[in-house]
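A.B. asks: Below is a structure I'd like to ask you about.
The values are calculated or read from the model by the stated rules, or taken from the named source; none is laboratory data. Here the structure is a predicted model, which means the values were calculated and not measured. Cβ: placed from backbone, ideal geometry, glycine included. Neighbour counts: every protein chain shown. Surface areas here come from the heavy atoms of the whole protein model, side chains and all, with no ligands, DNA or RNA. Shrake-Rupley method; radii C 1.70, N 1.55, O 1.52, S 1.80 Å.
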Amino acid sequence: MPESDATRVSRHPAKSTNDVYATGDDGVSISGIWKTFTTRNERTVAVQDINLQIRRGQFVTIIGPSGCGKSTLLRIVAGLLSPDCGSVSIFGETVSHAAESKHIGFVPQTPALLPWRTVTENVQLPLQVNKYSTSGGDGRQSDPRELLESFGLGAVLDRRPHELSGGMQQRVAIARAFVFDPMILLMDEPFSALDEFTREAQRRGLLELWQSNQKTVLFITHSVAEAVELSDVIVVMSPQPGRIQAVIPVDLPRPRGNLVENSDPFHAVEVAIRRELRRNWNQPE
Amino acid sequence: MTSNSGGDLRSAQVNAGRDRWRALNIQLWVPPLVGFGLIVVVWQLYAVHNPYVIPTVFQIVDQFRTQPSLYWHDMLVTLREAVVGASCGMAAAFLFAVLMSHVRVLERALMPLVVVLNVTPIVAIAPGLVIAFGFGFTPKYIIAGVIVFFPFLINSLVGLRSPDPEVLDVFTTLHASWWEVLWRLELPSSLPYLFAAARICLPLSLIGAVVAEFSAAGQTTGLGSLIETAASQANLKIVYASVVVLALLGVSVTFVVVMLQRRLLSWHSSSWTRSQ
């Protein structure tokens, strides 16, 4: 197959920052991140020398097999783990500063809602916690009820989470991350617990939101199709030790509806990703 | 046709309502009532033939009819000892649990002491406390508090550690203070555990109060003192009437806890009825 624009893969150099995307824009920059876990007498290198630049407004997806350190990397960017060395800068701030000023929106794998709060109260949580910090983004916060209505949850505002379906709960969790207008959204396989149909709808919904807000997103998935449909840039990681294997730009037009999904360029990107994933499968260290 | 189906619907609703009525009343209330009635009958039969072992049911009821103020007054005293003592004990236990769950060193330092306090029979401590604090309310509060401390502490610790780690992650990325995490996450998450503990602790505190009254020989108020005085005079009617009051007290205290639990924990699966 001829290599089209969409399948141009930049092999990631071992040490330098991925300069293809270092444009001088104040985005998120991850440089030289290492993280090792020690259990009893075993040392595992979870992530090794991760360098990545994310521009403002970009949708970046990390894909890779389980154990490749993608969750570890996300948790480091979220400030939930501290790296052994290396640094993360979120729009020029350190991670702890960014968290302090509520610039980080985190959507975990499960909806992680508070069962004693109604849907609206759950979405209000980020506005109540750490109240006196400067709010995220441009300082605009959404009205939780209006936001939920735009999420298609207007009918369940006063329900408790256990009364909702899994897909609806996940949408509430995403609304909770949007409500305080953070500068970056970190999403850790948010749709992995959902069935295929719900997942598809959730994906569309997220894309619409992202297109209207132009938020910077770092998204983790293990679904190739999901990665291609959502992303501007796909980062392929490989396990043991977890490192970036390839950075694949997705130059497909948006919105990527069904038409695009069945097109040749779409498949070309899919093939490129699968080839990268397979490469590391065939050559274990 | 329309009216017919409407009629069917209405009769179906009536049937459903009647079924629910029947289920509520017969299945819920009859078995315990029958069991309770049986015990009363057996008690009465045994008491009639063994008047020096237990009083008859009528003699006990007669006690409440002839001197209600005696039992009412002593009940209030014991209730006060138990409730005040248990509240202080549970509050202290929760504070300890918060400290211990946030500072690991404190848990390691305090847990052995708490275990020693728990395995020491409370009955053995009571006389010493009475000597130290006199015949007033203080030793009763302490004993009722000590007896609830351990179960409430353990449940609080489990409850405070019950939040889902991913919810904690969300709080961390929002840079929530430890106080916000405690107030908005850990405390509400631990409420089911705290209520389960309270259902054990409040009846336990009644035991504590009665034991404390037993130890304060010569004291004249409280159901425990009433029992002790009456027993020394072999007055079985007063002894058993007091026991009945204590049992009712335990039931009411538990009932209050359950009602509060239903109100506050409607979000928790423990308060959903099983048929739903």
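A.B. asks: Only one of these is of a type in the set (S, T, N, Q), within 14 Å of chain A (Cβ to nearest Cβ) and within 22 Å of B:ALA92 (Cα to Cα): B:SER156, B:SER162. Name it.
C.D. replies: B:SER162
A.B. asks: Could you check the range B:162-187 and list, in sequence order, the residues that are within 24 Å of the chain's Cα centre (by Cα) and surrounded by fewer than 20 Cβ atoms within 10 Å (Cβ to Cβ)?
C.D. replies: Selection gives B:SER162, B:LEU187.
A.B. asks: Kindly indicate whether any position in the range B:25-34 is polar (S, T, N, Q), at pLDDT 60 or above and surrounded by 10 or more Cβ atoms within 10 Å (Cβ to Cβ).
C.D. replies: Yes, because at least one residue in the range B:25-34 is polar (S, T, N, Q), at pLDDT 60 or above and surrounded by 10 or more Cβ atoms within 10 Å (Cβ to Cβ).
A.B. asks: Another question about this same structure. Mind checking which residues of the range A:217-249 are part of a strand (DSSP E or B), under 18 Å from A:PHE191 (Cα atoms) and among the β-branched types (Val, Ile, Thr)?
C.D. replies: Correct list: A:VAL217, A:ILE220, A:THR221, A:ILE234.
A.B. asks: Please state which one of A:THR23, A:THR17, A:THR72 is of a type outside the set (A, V, I, L, M), open to solvent by less than 30 Å² (accessible area, probe 1.4 Å) and either at pLDDT 85 or above or part of a loop (DSSP other than H, G, I, E, B) (or both).
C.D. replies: None of the other options fit; the residue is A:THR72.
A.B. asks: For the range B:113-127, check the following and say yes or no: at least one residue is surrounded by 19 or more Cβ atoms within 10 Å (Cβ to Cβ) and within 14 Å of another protein chain (Cβ to nearest Cβ).
C.D. replies: Looking for residues that are surrounded by 19 or more Cβ atoms within 10 Å (Cβ to Cβ) and within 14 Å of another protein chain (Cβ to nearest Cβ), one finds none in the range B:113-127, hence no.
The rows are residues; the columns are (1) in contact with a Phe, Trp or Tyr (Cβ under 7 Å, 6 or more places away or on another chain); (2) in contact (Cβ under 8 Å) with a residue 12 or more places away in the chain; (3) open to solvent by 80 Å² or more (accessible area, probe 1.4 Å).
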{"site": "B:VAL61", "(1), (2), (3)": "no, no, yes"}
{"site": "B:THR66", "(1), (2), (3)": "no, no, yes"}
{"site": "B:ASP74", "(1), (2), (3)": "no, yes, no"}
{"site": "B:GLU81", "(1), (2), (3)": "yes, yes, no"}
{"site": "B:ALA86", "(1), (2), (3)": "no, yes, no"}
{"site": "B:ALA91", "(1), (2), (3)": "no, no, no"}
{"site": "B:LEU95", "(1), (2), (3)": "no, no, yes"}
{"site": "B:VAL98", "(1), (2), (3)": "no, yes, no"}
{"site": "B:ARG104", "(1), (2), (3)": "no, no, yes"}
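A.B. asks: How many residues does the range B:170-184 hold that are in contact with a helix residue (DSSP H, G or I) (Cβ under 7 Å, 6 or more places away or on another chain), at pLDDT 90 or above and more than 7 Å from every other protein chain (Cβ to nearest Cβ)?
C.D. replies: Number satisfying all stated conditions: 2.
A.B. asks: Going by what's in this entry, would B:PHE152 be described as of a type in the set (Phe, Trp, Tyr) and surrounded by fewer than 23 Cβ atoms within 10 Å (Cβ to Cβ)?
C.D. replies: no
A.B. asks: Looking at A:VAL228, A:VAL247, A:VAL233, A:VAL179, which one is surrounded by 20 or more Cβ atoms within 10 Å (Cβ to Cβ) and under 27 Å from A:GLY154 (Cβ atoms)?
C.D. replies: Only one candidate passes the filter, namely A:VAL179.
A.B. asks: Next question, about the same structure. Of all residues being touching a strand residue (DSSP E or B) at 6+ places or on another chain (Cβ under 7 Å) and either facing another protein chain (nearest Cβ under 8 Å) or of a type outside the set (A, V, I, L, M, F, W, C) (or both) in the range A:100-127, which is farthest from B:THR173 (Cα to Cα)? Just the residue, please.
C.D. replies: This residue is A:GLN109.
A.B. asks: While we're on this one: Taking only the range A:160-178 into account, find how many residues are within 11 Å of chain B (Cβ to nearest Cβ) and over 15 Å from A:ARG203 (Cα atoms).
C.D. replies: Matching residues across the range A:160-178 total 6.
A.B. asks: I'd like the full set of residues that are of a type in the set (D, E, K, R) and more than 14 Å from chain B (Cβ to nearest Cβ), limited to the range A:42-99.
C.D. replies: Of everything in the range A:42-99, those that are of a type in the set (D, E, K, R) and more than 14 Å from chain B (Cβ to nearest Cβ) turn out to be A:GLU42, A:ARG43, A:ASP49, A:ARG55, A:ARG56, A:LYS70, A:ASP84.
A.B. asks: While we're here: In the range A:74-120, what residues are under 20 Å from the mean Cα position of the chain (by Cα) and of a type in the set (Lys, Arg)?
C.D. replies: A:ARG75, A:LYS102
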